[in-house]
1. I'd like the FRET efficiency for Q148 and I38, computed as 1/(1 + (r/R0)^6) with the beta carbon distance as r and R0 of 25 Å, rounded to 0.05.
2. Considering every Cα-Cα pair within the range 149-194, what fraction, in whole percent, is farther apart than 17 Å?
3. For L347 paired with Y296, estimate the spin-label separation in nm (one decimal), with each label point 7 Å from Cα along the Cα-to-Cβ line.
4. Need the C-alpha centroid separation for the range 162-180 versus the range 111-157, integer Å.
5. Relative contact order for the range 51-129 using alpha-carbon pairs under 8 Å, separation at least 6, rounded to a whole percent?
6. Report, by chain and number, residues whose modeled amide H sits under 5 Å from the one on I274, excluding near sequence neighbours (fewer than 5 apart, same chain).
7. Can you compute the modelled spin-label distance between E192 and I166, with each label point 7 Å from Cα toward Cβ, in nm?
8. List, in the order given, every pair from K97/K293; K125/K199; K65/K293; K89/K284 whose Cα-Cα distance in the structure shown is over 19 Å.
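A short reminder: the numbers here are calculations on the coordinates, not readings from a lab. All values derive from a computational prediction rather than experimental measurement. Ideal geometry is used to build each Cβ from the backbone, glycine not excepted, and the neighbour counts take in all protein chains shown.
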Amino acid sequence: MGKDKTKNQKKLKAAANHNAEESFTAVPHSFVFNRGQIGKNVQQLILDVRRAMEPYTATSLKVRKKNALKDFVAVAGPLGVTHFLIFSKTTENVNFKFVRLPRGPTLSFRVIQYSLVKDVVSSLKKHRMHEQQFTHPPLLILNNFGNQGMQVKLMATMFQNMFPSINVHKVSLNTIRRCILINYNDDTQTLEFRHYSLKVVPVGMSKGMKKLLQEKFPNMSRWEDISELLVKGANLSESEAEQDGDHNITELPQVYAGRGNMKAQQSAVRLTEIGPRMTLQLLKIEEGLSDGKVLYHSFVKKTEEEIKAMLERRENRLRQKHERKKKQEKDVERKKEQNEANKKRSLAGMKRKNDADGDSDAEDPGTSGENDPANISEDDDAEYYRQEVGEEPDQDLFLHGSKKRSSFRQNSGPPNKRFKGSQGPQRPRGESRSPGGQKKHPKFKSSNHREARSPRPGKPGQKHFKKTEGHRSRKSPVAKGNKKTTGFRKPGAFGSKTPKPGQKPRMGSKHKMADRKGKPFKQGKKGR
């Protein structure tokens, strides 16, 4: 295991991280995105421009259709974004807007023509592009931005502030691996955007000597003497010879990466285009974020009087907008005060009403017994018994106590049976006769089992009843000639053994019956 860091080392590391964060936030950052519908080629152009603007740009920025420009402005402040590069497309042209945050200006360009990275690289025989080149920002080179006009100077200032500044005395040459060239053509009034890769090679030595410095051994089988290895341009064709000259040869102030690039030695700087490339035409310059007055327009020229009238109209619109805003704020305050006053009056009226009428929500203690569901149910059962039977029920017939229910459960007999009322010549008092001539027996109810009357299916007018457990378990003597007894079975009634006059007995005492499995068994005599 390594040794723990000392206190001094921790302080130095924290200070280095703090300085790195400050230096990172001090440099300009950019967003490159699109607005509206664009094609695949324009989308690829946006990705290529992001690649050229690395590392101080959002390479993985996701844009949704519902995002507005104010959404990007709201996010740009906390992230330290200073520039927007916005691409859009119409049916005829591809447009490009260059915005400086937070107060503008906004430069609008028309993209006359462009080439993607893949198109530029495919035209090269050998390209020089690798990931280490994009770890540092590119070097900006502005060409032909002289005293052409105020709009040209403004463009130059905007492009200079888009990239971090360079301190000539402290810069490290090894961090400069790319460059962006922006050339202004005065004749066509267009901008040419180019992106190059830098390579520095030593001069004054032959190709074979360079290979030796790069630890590559050349093929010397065709040479007659070793001196040919050191002679510049020996055994080289005209196309293979180097085309360096005074335009790209310089003396290095520092040691540069690469074999033979020593300090105070002459080396040649070579550029290889890696794309993308664009040709831009300036359309107009506006104040603010695309919402201010137009400072310059390439096609529309206005006189001083027209400019003055336009400024007056703009001031009037701003003044009216401010007045409307103040009026809306006053209306909101007035409505709030009215709502508060109405609320106070309502509460005061409710309080006066409660004081005059008393507490209407209080419950009357004397009405609790009337609303008892047990009493209501018992009264209903007793009244139903009086209407059907015509007599007063027994006192212990309708009980709701838990003790009575438990006793009924203990004395309960076999399952109840359903029977029909018998047809007799006489009708007891309190009984009613159905239109079919059948007599209705009263319905006995118990506390633990109540069943509503339901007509027997198939025979309208007939009722079927269920004997209660209490009636089945209670054995009361039956007096002769007393036809008012409710549990007495008449001859010919359903389930009785006595047949009707003129009818054969359905089943004898020795008749064999079959159980559910089909096996016959004998029915014994059942005493009553």
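1. My answer for the efficiency is 0.20.
2. Roughly 47 percent, rounded to a whole number.
3. Simple spin-label model gives 6.5 nm for this pair.
4. 15
5. Computed value for the range 51-129: 16 percent relative contact order.
6. Result for I274 returns H195, Y196, S197.
7. 2.0
8. K65/K293, as the Cα separations exceed 19 Å there.
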